[in-house]
Amino acid sequence: MPQDVKEQFVIEGMYGSKSLQGAITVAGAKNAVLPAMAASLLSDKQLVLTNVPHIEDVLRMSELLEGLGVTVTRTEDTLTLQASAVRTSHIERESAKRMRSSVFLTGPLLARFQEARFPHPGGCVIGERPIDQFLKGFAQMGATISHEDEWYVVRAKDGLKGATLFFDLVSVSATETFMMAATLARGTTVLENCATEPEVVFLAEVLRRGGAQIYGDGTSTIHIEGGALLSYDEPIPVIPDRIETSSFLLLAALAGTDVVINECNPQHVRIMTQYLESTGVPLEIGGTHIRIVNNTKPNTAFVSARDIRTHEYPGFPTDIQAPLSVFLTQVTGENTVFETIFENRLGYTDDLIKMGADITVWNPQKMMVRGPRKLKGRELMSPDLRAGLAFIMAGVVAEGTSVVGNAYYIDRGYQHIEQRLSALGVQIRRTA
Ligand code: EPZ
């Protein structure tokens, strides 16, 4: 079960000084490993994933899969899943309500077992998180959908049939769920208006390694030929987490003089490196590392005055919006931020304003951030995992001590965060 959400992080502020030094290694991507775990349902053979992060969401997804009858074993950074003895297609309610990613299970369950029974996968603080694209797509592939209490029951007694689905909006999880469902459908499926995130391409790689015929991933149109159960061969390494990479880049720019971010994929964070270089942050970009080097100028020497809007890949990721806003409070200039993906993802700004940030929120999706402003440490409560990481960053640059509550939310997506940040020189500790 999850750790006590009352756990907190205590951070001693660095008063805007820069002294972090050393190396930090990026973990495997949360948003790549979760759909890949669901793909284990498409086979009765083992699926072995390596470079799997030690995060709460992997534990939750493991519990969901074990509840279905999948065997899940973990040694170090390796996860082995086998869905040869699945005994039910009913997704466990509590976990499903707590984690949106449970929606990834619906497509594989329906495709393999001709039925999926699940509660609405739960909205969260950043938005209502509807599943209309999933229900519409399942119907187009021949399934019937009924409601029993608060459960959706989706059935396809003759199996799913290939179809051409045109998503009304770009959805990462819908793209991934229907890629998976289509691998076991009868005939050809064409998905249009797809997400092109690296995590989508990674999942397509996993499915191809299982024998699926799938191409076009990384573009807005993906073709999948339905076939037999997949059969995975060699262990598959999970791609690096580009949101972690971008978060560490921002922290190092604000508080580090010489920090190297290892085992990342610079290609996946071009929007961030290009932006940071444009503000004057000194970066050295390698094949699998990015180094903030000779970063001795004060943050007020960084200049940013532009309209920033979150966007589907390769634009500014919505998951980096909160950490980026902390950066904007410290550099010189006025920036508008437009959160285009989720309808309610600026809630964390109230706490930043109480720390001293100069932020004007025009509506739930638009704000102006004026920098530079000194931040004062205070008690903060993480509303979601990305804002939680942003609060840790704010605590690091602030004057005085900060306490960031709901450590569990941060542990959902950042493994061993206090150990990794302490190794750079951040004064952070976990308390119960
Ligand atoms: C994925 O969520 C990520 N999660 C999110 O990361 C990320 O913020 C999001 O993609 C956008 O990049 C995982 O991959 C596990 P969407 P997902 O479907 O797939 C609307 C994090 O912090 N929509 O691409 O659920 C939806 O409400 C998390 O790691 C519908 O309207 O997001 C949103 O406004 C947060 N109907 C937009 O589409 C649907 O049927 C994009 O959402 C589906 C989605």
Exercise. Test each condition in (1) small (Gly, Ala, Ser); (2) modelled with pLDDT under 95; (3) over 30 Å from VAL33 (Cα atoms) for SER402 and report the one that comes out false.
Key: (2)
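A quick yes/no check of all residues on (1) without any contact (Cβ under 8 Å) to a residue 60 or more places away in the chain; (2) within 11 Å of the ligand (Cβ to nearest atom); (3) farther than 30 Å from ILE292 by Cβ:
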{"site": "ARG155", "(1), (2), (3)": "yes, no, yes"}
{"site": "ALA185", "(1), (2), (3)": "no, no, yes"}
{"site": "THR189", "(1), (2), (3)": "yes, no, yes"}
{"site": "ALA195", "(1), (2), (3)": "no, yes, no"}
{"site": "GLN213", "(1), (2), (3)": "yes, no, yes"}
{"site": "SER220", "(1), (2), (3)": "yes, no, yes"}
{"site": "LEU229", "(1), (2), (3)": "no, no, yes"}
{"site": "PRO237", "(1), (2), (3)": "no, no, no"}
Exercise. For the range 112-133, state whether one or more residues are in contact with a strand residue (DSSP E or B) (Cβ under 6 Å, 6 or more places away or on another chain), assigned to a helix (DSSP H, G or I) and within 11 Å of the ligand (Cβ to nearest atom).
Key: no
Quiz prompt | Subset of the range 277-297 [assigned to a loop (DSSP other than H, G, I, E, B) and among the hydroxyl-bearing types (Ser, Thr, Tyr)] | solution = THR288, THR296
Quiz item: Hey, among the residues in the range 400-432 that are small (Gly, Ala, Ser) and touching a residue at least 40 places away in the same chain (Cβ under 8 Å), which one's surrounded by the fewest Cβ atoms within 10 Å (Cβ to Cβ)?
Solution: ALA432
Exercise. Would you please list the contacts, defined by Cβ atoms under 8 Å and residues six or more apart or on different chains, that run from a residue in the range 125-141 that is more than 12 Å from ALA181 (Cβ to Cβ) to a residue that is within 6 Å of the ligand (Cβ to nearest atom) and among the aromatic types (Phe, Trp, Tyr)?
Key: ILE126/PHE342; GLY127/PHE342
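Kindly check whether there is at least one residue in the range 47-66 that is under 30 Å from GLU418 (Cα atoms), part of a strand (DSSP E or B) and not hydrophobic (A, V, I, L, M, F, W, C).
Yes, the range 47-66 has at least one match.
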Quiz item: Residues of the range 401-427 being among the hydroxyl-bearing types (Ser, Thr, Tyr) and closer than 22 Å to PRO383 by Cα, which ones?
Solution: THR401, SER402, TYR408, TYR409, TYR414
Self-check item: Residues that are among the aliphatic types (A, V, I, L, M) and either touching a Phe, Trp or Tyr at 6+ places or on another chain (Cβ under 8 Å) or more than 16 Å from the ligand (Cβ to nearest atom) (or both), drawn from the range 337-358
Solution: LEU352, ILE353, MET355, ALA357
Quiz item: Of the residues that sit in the range 318-336 and are touching a residue at least 60 places away in the same chain (Cβ under 8 Å) and small (Gly, Ala, Ser), which one is nearest to the ligand (Cβ to nearest atom)?
Solution: ALA322
Practice problem: Kindly check whether there is at least one residue in the range 376-391 that is basic (Lys, Arg), surrounded by fewer than 19 Cβ atoms within 10 Å (Cβ to Cβ) and within 18 Å of SER304 (Cβ to Cβ). | Solution: no
Quiz item: Out of PHE178, PHE166, which single residue is under 23 Å from GLU205 (Cα atoms) and either touching a residue at least 60 places away in the same chain (Cβ under 8 Å) or near the ligand (Cβ under 8 Å from one of its atoms) (or both)?
Solution: PHE178
Self-check item: Set VAL260, VAL269: member being outside any helix (DSSP H, G or I) and at negative phi
Solution: VAL260
Quiz item: Does VAL72 satisfy the condition of being out of contact with any Gly (no Cβ under 8 Å at 6 or more places or on another chain), farther than 21 Å from ALA182 by Cα and either part of a loop (DSSP other than H, G, I, E, B) or modelled with pLDDT of 95 or more (or both)?
Solution: yes
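Taking the options PHE178, PHE202, PHE166, name whichever one is aromatic (Phe, Trp, Tyr) and either in contact with a Cys (Cβ under 6 Å, 6 or more places away or on another chain) or under 23 Å from VAL48 (Cβ atoms) (or both).
None of the other options fit; the residue is PHE202.
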Quiz item: So, of the residues in the range 89-111 that are more than 14 Å from VAL154 (Cβ to Cβ) and either without any contact (Cβ under 8 Å) to a residue 24 or more places away in the chain or assigned to a loop (DSSP other than H, G, I, E, B) (or both), which turns out to be nearest to the chain's Cα centre (by Cα)?
Solution: MET99
Quiz prompt | All positions within the range 134-153 that are more than 16 Å from the ligand (Cβ to nearest atom) and closer than 18 Å to THR175 by Cα | solution = GLY142
Exercise. Name every residue in the range 162-214 that is aromatic (Phe, Trp, Tyr) and closer than 29 Å to GLU244 by Cβ, in order of residue number.
Key: PHE167, PHE178, PHE202
Quiz item: Somewhere in the range 304-313, is a residue within 16 Å of the ligand (Cβ to nearest atom), basic (Lys, Arg), surrounded by fewer than 20 Cβ atoms within 10 Å (Cβ to Cβ) and within 20 Å of the chain's Cα centre (by Cα)?
Solution: yes
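The values are calculated or read from the model by the stated rules, or taken from the named source; none is laboratory data. Keep in mind the model is a prediction, meaning the values are calculated, not measured. Heads up, the Cβs are rebuilt from the backbone with ideal geometry, glycines too, and the neighbour counts pull from every protein chain shown.
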